[in-house]
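Contents: one structure, followed by commentary.
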Amino acid sequence: MSETQEKKVALVTGGSRGIGRAICVELARDGYYVVINYKSNAQAADETLGLVRAAGGDGETSCFDVADAQQTADVIKDLTAKLSGFDVLVNNAGITADGLMAMMPDRDWHAVINTTLNGFYNVTKPVLKKMIRRRKGAIVNISSVAGLTGNKGQTNYSAAKAGLIGASKSLAQEMARIGIRVNVVAPGLIETDMIHDVPVEFMKEIIPMQRIGRPEEVAKTVRFLCSDDASYITGQVIAVNGGMV
Ligand code: NAP
């Protein structure tokens, strides 16, 4: 562990699959020791760890549900003690439970808000404590085009993703003097498990670039925002969406 203590350490929530996995690999390329959080899919998380190592980096997997405040606090406390805190936090874990609001089961509203918005709070607050003491850090929160424009059938998801933008802008203002930057990446339609029910051919017609994005295209933007190349950027939302407005 002494070797990892000298390294920059990143925590990526929802790092087992999709966009989170690509972010883990990009950060590994930048020399981070990557903590790959996941909720239940241990095999996928192990595969991400293999990709992180293949990219020349190292890391570990960490199972916790970001919607569970106590479990999250306990795990982050242990990780912080072991790794001396985090240089980078990427709040990427998210779920959808789509449906028209008039017919939405209460549990679908709460599940999406609890994972995306309360998950951000549950993870970020304990991570921030050590970042504040060290007076440095970069946080990137993964929102969505739905958080910017709304989307029929996604009131829960749009509310959570728009809330994430507001919270990020406020936190960026609170932390700017302390040397901690907070930014948002808002992807459009990206090729992952999350979009398996989306009518992709139809959607391509309304995307100016006429194609679905790749997880790597989001991850490279996250990598930039985490790096010193983005040292004067905070409180911003960068859309990665093929030109959707
Ligand atoms: P994905 O392929 O479905 O992967 C979701 C990831 O989040 C998995 O690693 C999953 O872990 C993890 N996760 C879910 N609930 C969690 C919880 N309660 N605690 C901890 N981890 C949890 O999704 P994705 O498409 O990569 O999406 C990643 C982020 O990008 C999400 O915030 C999503 O809203 C956002 N986004 C995606 C798109 C898109 O088109 N794909 C567009 C805009 C924004 P397990 O593997 O253990 O289940």
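Loop-resident GluC sites (Glu not before Pro) (DSSP state other than H, G, I, E or B) in segment 161-245 with no more than 13 further Cβ atoms inside 10 Å of their Cβ are absent. Computed from Cα atoms, the angle from the helix 106-134 axis to the main principal axis of the chain rounds to 30 degrees.
For the chain, a crude dipole built from +1 on the beta carbon of Lys and Arg and -1 on the beta carbon of Asp and Glu, taken about the Cα centre, is about 900 debye to the nearest 20. Between helix 69-83 and the chain there is an angle of about 40 degrees, using the helix long axis and the longest principal axis of the Cα atoms. Projected label points at Q173 and K125, each 7 Å from Cα along the beta carbon direction, are separated by 2.1 nanometres.
Return the whole-Å distance between the Cα centroid of segment 1-78 and the Cα centroid of segment 121-150. Measuring centre to centre over Cα atoms gives 16 Å. Between V200 and K152, the modelled label-to-label distance comes to 2.3 nm, taking each label 7 Å out from Cα in the direction of the beta carbon. Helix 42-54 and the longest principal axis of the Cα set of the chain meet at an angle near 60°. Taking 7 Å steps out from each Cα toward its Cβ at M209 and K136 produces label points 3.2 nm apart.
Sum -39500 (n - 2.57) across every DSSP H segment of at least 4 residues in the chain, then divide by the residue count to get the 222 nm mean residue ellipticity, nearest 500. Working shown, then result.
Values: 9 runs with 119 residues, N = 245.
After summing the helix terms and dividing by residue count, I get -15500 deg cm²/dmol.
Here, each number is a calculation from the coordinates, and none is a lab measurement. The model shown is predicted, which means the values in this text are computed figures rather than measured ones. Here the Cβ is made from the backbone with ideal geometry for all residues, glycine too, and neighbour counts use every protein chain on show.
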